[in-house]
1. Give the whole-number value, in cubic angstrom per residue, of the convex hull volume spanned by the C-alpha atoms of region 324-388.
2. Please compute the Cα-Cα pair-distance distribution of region 276-377 with 10 Å bins starting at 0, giving whole percents from short to long.
3. With the other protein chains left in place, how much accessible area per residue, in square angstrom, belongs to region 305-421 at a 1.4 angstrom probe?
4. Given 4 °C and 1.567 mPa s, compute D for region 257-318 with the Stokes-Einstein relation, Rh being the Kirkwood radius over Cα pairs; round to the nearest whole µm²/s.
5. Less than 19 Å from a label point 7 Å out along the Cα-to-Cβ axis of Thr85: which backbone N atoms in region 21-40 qualify, by residue?
6. Taking a 1.4 Å probe, which of His327, His415 shows the most accessible area, and what order do the others take after it?
7. On a full-extension model of 0.36 nm per residue, what is the gain between Ile41 and Arg261, subtracting their alpha-carbon distance, rounded to one decimal in nm?
8. Need one number: nm distance between label points at Gln313 and Asp325, each 7 Å from Cα along Cα→Cβ, rounded to one decimal.
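The values are calculated or read from the model by the stated rules, or taken from the named source; none is laboratory data. Remember, predicted model here, so these are calculated numbers, not experimental data. Quick reminder, even Gly has a Cβ in these numbers, built from the backbone with ideal geometry, and neighbours come from all protein chains shown. Accessible surface areas use protein heavy atoms only, side chains included; no ligands, DNA or RNA. Shrake-Rupley method; radii C 1.70, N 1.55, O 1.52, S 1.80 Å.
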Amino acid sequence: MSTGTLEAQVFLLPDLGEGLTEAEIVEWKVAVGDAVEVDDIVVEVETAKAAVEVPVPYAGTVLRLHADAGTALAVGQPLISVGTTPTETRAEGPTAAERYRAEEQAGSGNVLIGYGTGHAPPSRRRRRPAPTPPPARGEAVEGVGSVPSPEGSRPEVALVISPLVRRLARDHDVDVAHLAPRGTGGVVRRQDVEQAIARDETPAATRADAVAGVAEERIPLRGLRRAVASKLARSRTEIPDATTWVDVDATALLDAKNVLRAAHPDRRIGLLPLLARICVAGLRRYPELNSTVDTEREEIVRFAHVNVGFAAQTERGLMVPVLRDAHTLTTAQIAAELGRLTDLARSGGLPPEALTGGTFTLNNYGVFGVDGSTPIINHPEAALLGVGRIVDKPWIVDGELAVRKVTQLSLSFDHRVCDGGVAGGFLRYVADCVERPATLLADM
């Protein structure tokens, strides 16, 4: 189709909601000259909260891509131009992009729990495009590298699913075809590339700098990492937090988990769902901790609902999906929803709205092999419970020394919403439920 007969429709980077002011182009799904339909996904962008696929509201021919991959765009800047004929019209009803914006604008307005950006001005600095290395020996199409194998045998395939991992590999000249993925299914993950970088598989320029005596490395704060830094700094600046902790005997809780798993093998009932159930019960008893502080109006806002955020480690970093209306769910329903959100977070399919609206956060940092921590509260929440690793320790049971499964619970709380007595009461209630899970029956 001749572009001379087309009317150029410029689609601007839409407002992705929740205070986001910019996004970085991760990967274009179309090229100049491609035909697109209304609501076709044309680009994947990365915000400070999540990777988002953006649909186009026009049908026609792609005339121009206004930014290269790796470029940061502010909301409202040109994203893509589509040529439409005078007779072409938009589909009736709102497009996917319009629906998404409408849903975001109708939302709670809360910033991202754990990693919100607040209202920081967008960075308009354009990133230098990463050099494109020549195809590696045995490398297949973009994102898939095959390791050469003896003639006549099928090559082993190293698969890179995440565009962020591909870009990280390109930026550091890491040939994914020569990596041995640690993940299942032969998928190359971020940590595989980072390990290769640590083994000095870096660009020649970096090695030359090291030889010349350059001992420092400067890593720009961008995307999720910049949002994390801003969020944590805001939490520590605005919230007068305090932390209290207690060691508990978790043997009975582990026994309860094993009983539930045996009775319901098709359900993912692990320790995290049980701990979430206990926290929900505790927050109903101590609603002071299920709140936030409205600093402008100088008011404490106590929520009638309990939305539990939980930490999930992903390739993009630590994310905090939110389990909504946890107070209305059974333990089995909590387990199912936690599993669903965790899978979405690790696959990169978690929508931004799933990261907002939390009223309390649960962080099981024991999976990293540590006993305790003084966790930073997820602004603007008022409390966070951290759980350390469960290890065998000597413990007094009925006056006798025994070996029990012991963990440490740490509660960080906003001292503006309550005093130590309330925080201690909540933590003691949670500890009692961990040691005697049947205690929960009184509140169910």
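1. Values: hull volume 7.1 nm³, N = 65.
Hull volume normalised by residue count: 110 Å³.
2. 14, 43, 34, 8, 0
3. On the way: 4600 Å² over 117 residues.
Solvent-accessible surface per residue comes out at 39 Å².
4. On the way: Rh = 14.4 Å.
Estimated diffusion coefficient is 90 µm²/s.
5. Flagged as within label range: 33-39.
6. His415, His327
7. Values: separation 220, 0.36 × 220 = 79.20 nm, distance 4.05 nm.
Taking Ile41 through Arg261 to full extension adds about 75.1 nm, to one decimal.
8. Label-label distance for Gln313 and Asp325, simple model: 3.3 nm.
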